[in-house]
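Rule-based calculations on the coordinates, nothing more; no lab input. As the structure is a prediction and not an experimental result, all values here were calculated from the model. Reconstructed Cβ throughout: ideal geometry from the backbone, glycine too, with neighbour counts over all protein chains shown.
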Amino acid sequence: MRDTSRRRLLVVLLALTVVLLGVDVAGGPGAGQLRAAGGAAFGPVERFLSPGADAAGAGASEARAGVLRDQLVAQSREARELAALSGAPDLAGSTFLPARVVGVGRQGAAGPERVTLDLGARDGVRTDLSVVAAEGLVGRVVAVSPWTCDVLLVGSADLVVGVRVGAAGTLGSVGSGARGPQHRPAGQLNLTVVERGTVRTGDAVTTLGSVGGSPFPAGLRVGSVQHVDEAPGDLTPTASVRPAVDLTTLDVVGVLLAGPRTTPRTPSTATG
Amino acid sequence: MPLPSLTLTFRSLVLLLAAVTSVVLSARTQLALPDLVLPVVVAGALWVGPSRGAILGLVGGWLVDLMPPGSAVLGTAALLYAAAGLVAGAGRREGQTPFGWIATVGAAAAVVVTTGRLAVAALTGAPVQWPVVGVELLLTVVLCAVLVPVLVRCEQRLARGRG
């Protein structure tokens, strides 16, 4: 009797899981709230266990120890990464919130696809902000809880970025390397050019920019063209792109609050 | 009912610890890591049987799904670990369980979870890092063989202490 009721409970729970999975795939309501609840419950634990937690919680009582710690921190890797981020030419003029990666999801077979940052709604982070490192684009904020936020990385299956390629500014889009006719190995992105344009090996790939600068502002480095595919039947050229940021060694990143262009564009008059 | 609550508390705490540790460790190292949640599910399922093992796997999987940054698709880890709990629970034996059998059940559960992950990657269009997947599977099988007997002994001791 107990065994049947347990089996019934299992079936009900499995059915509930399948329904929630379907809702998440279809983009229905509720999945985002569930992720936010998970972030609110477990995010503080991850922040507490993060590598920089002890340095951040410095007490005012031990001033001398604090000075020594400051000197130590100034020489540390994080300080160098933060300085590199502040001095990156692509980011000149833009405002960002510095953040650290506190959790990396490697549950899938694809390596890291999502990471957790130690910034949340209380710091002014909202979904669809872009996340950058000194070398270029990292990803996009997809879930926010009070103390942490989750970032979908460039190259994951659900993220496609509109880009310009090379000096000519050929338009295209960059997505997961496994999408499209060529199954590229992990760590390579797939570039599809929208029309017959010239794409050469070594061309820089930068973001095209979105309306209002969200999720992606224009001109951020995504990567460089590694190999142009030779497929005679294809109407549009495709290429593999090596990401500018090493996504496996992410530590200090910035959440972009506003893009570089803050002054409104002035209308110009044609003189022809 | 003091005994079930004690073992239940132990199991939930170890599950939570395993889920948090795997996410935080991944942020600190680039090395391939074994699945830390699976040994807990396998040990519990070997002790309680298939249907309760599947429920334990489902709960552990939801923890993995909701632990930030979470799974790409919510519910996938829950279903995979439920399947692993079902398989491990089917391997329950009365009396003393030989080490070889525990290692075999752990390996079977690890293969179930890895196969499921590859299927999820194929369905969602995510790239597969074959060498990393292979190394992680191997590490998980070894960790299951080492950790599952220890966890089973802990649960036995807790059960005896209560009675």
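Summary table
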{"item": "Relative contact order of chain A, defined on C-alpha pairs under 8 angstrom at six or more residues apart (%)", "result": "18 percent"}
{"item": "For residues of A:110-118, the mean tally of beta carbons on other chains within 10 Å", "result": "6"}
{"item": "In Hz, Karplus ³J(HN,Hα) per residue of the range B:36-51 (6.51, -1.76, 1.60; θ = phi - 60°; x = Gly, Pro)", "result": "8, 7, 4, x, 5, 5, 5, 4, x, 5, 4, 8, 10, x, x, 6"}
{"item": "Average partner coverage of A:143-156, which counts Cβ from other chains inside 10 Å", "result": "2"}
{"item": "Among A:163, A:12, A:141, residue whose mean-square fluctuation peaks in a GNM of chain A (springs only between Cα atoms under 10 Å)", "result": "A:12"}
{"item": "GNM flexibility winner over chain A from A:148, A:116, A:127 (Cα, springs under 10 Å)", "result": "A:127"}
{"item": "For residue A:170, residues with placed amide H under 5 Å, excluding near neighbours", "result": "A:165"}
{"item": "Potential extension, residue B:123-residue B:17 segment - 0.36 nm per residue separation minus Cα distance", "result": "35.2 nm"}
{"item": "Pair residue A:80, residue A:41: separation of 7 Å Cα→Cβ label points (nm)", "result": "4.0 nm"}
{"item": "Dipole magnitude (debye, nearest 20) for chain A, charges at Cβ of Lys, Arg, Asp, Glu", "result": "500 debye"}
{"item": "For the range A:149-256, size of Cβ-based charge dipole, Lys and Arg +1, Asp and Glu -1, in debye", "result": "180 debye"}
{"item": "Which of A:102, A:121, B:78, positive extreme of dipole for the protein assembly as shown (C-beta unit charges)", "result": "B:78"}
{"item": "Leading residue at positive end of dipole, chain A (Cβ point charges), from A:49, A:249, A:17", "result": "A:17"}
{"item": "Most mobile listed residue (A:256, A:13, A:153) in chain A, GNM with C-alpha springs under 10 Å", "result": "A:13"}
{"item": "For residue A:226, residues with placed amide H under 5 Å, excluding near neighbours", "result": "A:202, A:240, A:241, A:242"}
{"item": "Förster-model FRET efficiency, 22 Å R0, residue A:122 and residue A:251, C-beta, rounded to 0.05", "result": "0.50"}
{"item": "Over chain A: helical MRE at 222 nm, DSSP H runs n ≥ 4 each giving -39500 (n - 2.57), nearest 500", "result": "-8500 deg cm²/dmol"}
{"item": "In nm, spacing of pseudo-spin labels at residue A:11 and residue B:92 (7 Å Cα→C-beta vector)", "result": "1.9 nm"}
{"item": "Share of alpha-carbon pairs per 20 Å distance bin for the protein assembly as shown, given as whole %", "result": "24, 50, 23, 3, 0"}
{"item": "Exposed-loop-free span, longest in chain A, where GluC sites (Glu not before Pro) count as exposed if DSSP calls them loop and at most 10 other C-beta atoms lie within 10 Å", "result": "A:1-194"}
{"item": "Chain lengthening between residue A:19 and residue A:97 when straightened (0.36 nm per residue, less Cα-Cα)", "result": "24.4 nm"}
{"item": "Reciprocal mean inverse distance between Cα atoms of the range B:2-162 - Kirkwood radius, Å", "result": "15.7 Å"}
{"item": "Tail weight of P(r) past 20 Å, computed on alpha-carbon pairs of the range A:162-261, percent", "result": "39 percent"}
{"item": "10 Å Cβ neighbours from other chains, averaged over peptide A:17-23", "result": "5"}
{"item": "Amide N proximity, the range A:237-252 versus residue A:168 label position 7 Å along Cα-to-Cβ, cut-off under 16 Å", "result": "A:237-239"}
